[in-house]
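A quick write-up on the structure given underneath.
The values are calculated or read from the model by the stated rules, or taken from the named source; none is laboratory data. Owing to the predicted nature of the structure, the values given are computational and were not obtained by experimental measurement. Here the Cβ positions follow ideal geometry from the backbone for every residue, glycine too, while neighbour counts run over all protein chains shown.
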Amino acid sequence: MLVKINGFGDHTVLVTELHIDDLGSVVPLRDLELKLPIDDMNVGEILKMSQFAAVFTDDNTDKNQSTIILANSITGDELHREKSRIIDFVENKRHLMNCE
């Protein structure tokens, strides 16, 4: 899930789950408090140095209190490129549908 990092608690990270819609807008979906893994300090360090991240949780349900098992920092530039890719994909799909 794509998240914006909002803050940290004791062994938790406060995030806002984000979605990029068909127009390239970043839409906040919900606020979550996710657990940091006790045995992997790298995940917490990655998130502390990030404004945005892609995170994966242990139960794949993206519920509040899920434990993060993998985190990948996303820069503002990378987020912008992803928004552009989504816009291009949607435009190409619409173009193909109009050509049929």
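Side notes on the structure shown:
- Enumeration of residues in region 11-43 that are hydrophobic (A, V, I, L, M, F, W, C), surrounded by fewer than 12 Cβ atoms within 10 Å (Cβ to Cβ) and either touching a helix residue (DSSP H, G or I) at 6+ places or on another chain (Cβ under 8 Å) or closer than 19 Å to Ile87 by Cβ (or both): Leu23, Val27
- Considering residues of region 31-73 that are part of a helix (DSSP H, G or I) and modelled with pLDDT of 90 or more only, the residue nearest to the chain's Cα centre (by Cα): Leu47
- Inter-residue pairs, beta-carbon under 9 Å, first within 22 Å of Ile5 (Cα to Cα) and in region 76-87, second surrounded by 12 or more Cβ atoms within 10 Å (Cβ to Cβ) and among the aromatic types (Phe, Trp, Tyr), 6+ apart: Gly76/Phe52; Glu78/Phe52; Leu79/Phe52
- Conditions (1) assigned to a strand (DSSP E or B); (2) more than 11 Å from the chain's Cα centre (by Cα); (3) surrounded by 13 or more Cβ atoms within 10 Å (Cβ to Cβ); number of the one not met by Gly7: (3)
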